[in-house]
Each structure stands twice: as structure tokens, then as C-alpha cells.
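For reference, the structure is listed below as C-alpha cells.
The values are calculated or read from the model by the stated rules, or taken from the named source; none is laboratory data. Only a predicted model underlies this, so the values are computations on that prediction, with no experimental measurement involved. Here the Cβ is made from the backbone with ideal geometry for all residues, glycine too, and neighbour counts use every protein chain on show. The protein model used for the area step is the full one, side chains on, heavy atoms only, and it has no ligands, DNA or RNA in it. Shrake-Rupley method; radii C 1.70, N 1.55, O 1.52, S 1.80 Å.
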Amino acid sequence: MSAVTTSLDARYATHIESITDYTIPAHEVLATVVVTTAAANRDLLTTVLDALDAQTETAYDVIVVDRGTAWNLSSLLATTHRVRLGVRVRDETSAVLAHNIGAQLATGPLLIFLADDAVPAATFVEAHLRAHRVNNIVAARGRVLPHTAHLYNATQPAYDLGSVQFSTYLDLAGNLSFDRDTFLSLGGFDEQTAGQAALDWTRRALEAGIPREKCIYYPEAVTSHDYATDFWSYLHRRRRDARVTAPAPPLDAVVAEYDERPTVEQPPLARRDRLKLRILTTLTEPLTVRTT
């Protein structure tokens, strides 16, 4: 067992199949970006990792936690300039647990979670670092813009909350940053709250006495991401999201604690697209979309 593995809590170490340490030049690390992946599209993940290699900020590294990619992910990671660790976990490892493993292995004082299908803007890492430095916060939720012009993105308006910063509960774990010590001191994400882990972390932060203003929406930290690109991927997302139950009363109270979230006007749709959207909504009415 490697020294890296033995540094993990025992409950995490048992999920690790292997850890590959990619030799990258020694440099200051102010932030660690954690990407968790399973069944990733190779071309899209390559685009994500290329974007991480091209950041305006230099004081960061990347950890990729692989939950069961079918193709040779290690060969891709070996070509990158910022991936420090590639972590292969057991296929049955949950996404929430994979996030926690990445957080345990991170070295930067700022922890950034990035989805494997969310392409970060060139200033993504720089913006998350600035959000914490300027605002003295513990967590920031970034802005998610459509990656491509698909009608299906119009079904998920909660991704883009506009261009104004405000205090908020946390959701969308694919574009989140935390003060690492604070994140770990609260136990990381609760592995029993799949789909609502970020919201539940907000609840525990408030209960621990962390002021509500310490969690914010920071629109300068931008990723581009598609909710879906065709009907079948849309249906898959809706079915997956529908497995998440409605928030329990304690989580409802967290949502109610923050009333700053604006109603963001969506770009107008052409008449044909409005009709398609109405049909989609009718076909999937029994399915409830969650945003975490």
C-alpha cells in the first residue's frame, strides 16, 4: 500500500484500487481541483483536462478520481500538465464518496470540485481563489453556462443564476469550491445524501455556527456544461434526477434561509422550440428534476 493510500481514513482507503502519481514540476499549490468521473466521454473529458492545463492561474494541481471508466484513462492523464494523482476506486464507489476521497488527497488549502463534463473557463481557478480571498468565505458556487446551443439546456434554468454575486446555499457539486480545512472539519459530504450532498453540507455549516454569508454564488467562476444534448440523454438525466427524493425538512429550512436567489430571465425560444419544450415537459411530467 502506498504512502498516499495510508494517509487516507480507513473507510476511504478500502475503496481504492490504485493511485498513480504523475510527476509534475514542483510548484506552489494554492488550490486542488478534484474531478470525479465514471463512464466519461473521452473527447469531452479531454476538453475538460485541456482547459485545466490552460488556466490563467498557475498555483494549482488536479486530482482525477475514476469510478469505472471503460477506456484507458491513465494514458490520457499521463499527457496532462496539471494532474498530480489519478485515483482508481471500485466501480460501486458513490460519486459523493469519490468527492470525499479527492478532498482527503488534496494538498491545496482551496478545494475545487469540477464535473467531468463541465469545461472550465480559462479564469476558472483564478476566480475561485479570488472569491475566497476577497470575500473571506468558506464556500463558493460558480456559474454554469450552456456548452452548446441545445434546447435541452432550457429545461435546467438553475444552472445560470446571473451575473450578480449573492449569499446562497450550495448545490451543483460540479462547480464548487471550499476552504479545505472547513470542508473536512465538517466531515466532508455526507455519503447518505446523494444528490443533495452540497445542500446538506450547507445545513451542517449553519448548524456549526458558520455565518450564512460565508457561502456565496460567485458568477465569475464559470464552467460550460450541457444538461443534455439529445432526447435520450435528456431522459436519462431526468430519470437519474428523479431518484433523488425531495429535501427532508431540515434541508427545506436551509433553502428557506436564503432568499437572495434571483429569478433569471431565460433567453427567448423560437416558437418551434417552445412547442418542443412543452412536449418534453408533458412527456416527463412525473419526473422531478433536482439541481444538486
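Starting from the Cα gyration tensor of segment 56-116, take the square roots of the eigenvalues, sort them a ≥ b ≥ c, and report rounded, prolate or oblate (rounded when a/c is under 1.5, otherwise prolate if a/b is larger than b/c, else oblate).
Working: a/c = 2.31, a/b = 1.22, b/c = 1.89.
Cα axes put segment 56-116 in the oblate bin.
Order these peptides, 74-83, 127-136, by their mean beta-carbon neighbour count within 10 angstrom, highest first.
Numbers: 74-83: 15.8, 127-136: 18.3.
The most tightly packed comes first, giving 127-136, 74-83.
On average, how much accessible surface per residue is there in segment 34-110, in Å², for a 1.4 Å probe, leaving out ligands, DNA and RNA? Don't skip to the answer; put the middle values down first.
Values: 2720 Å² over 77 residues.
Accessible area per residue: 35 Å².
Find out how many positive minus negative residues lie around V87, taking Lys and Arg as positive, Asp and Glu as negative, among other residues whose Cβ is under 9 Å from that of V87.
Values: positive: R88; negative: E17, D66.
Its environment carries a net charge of -1.
Excluding R130 itself, calculate the net charge of residues whose Cβ lies under 13 Å from the Cβ of R130, where each Lys or Arg counts +1 and each Asp or Glu counts -1.
On the way: positive: R133; negative: E57, E126, E220.
Every neighbour counted, the sum reads -2.
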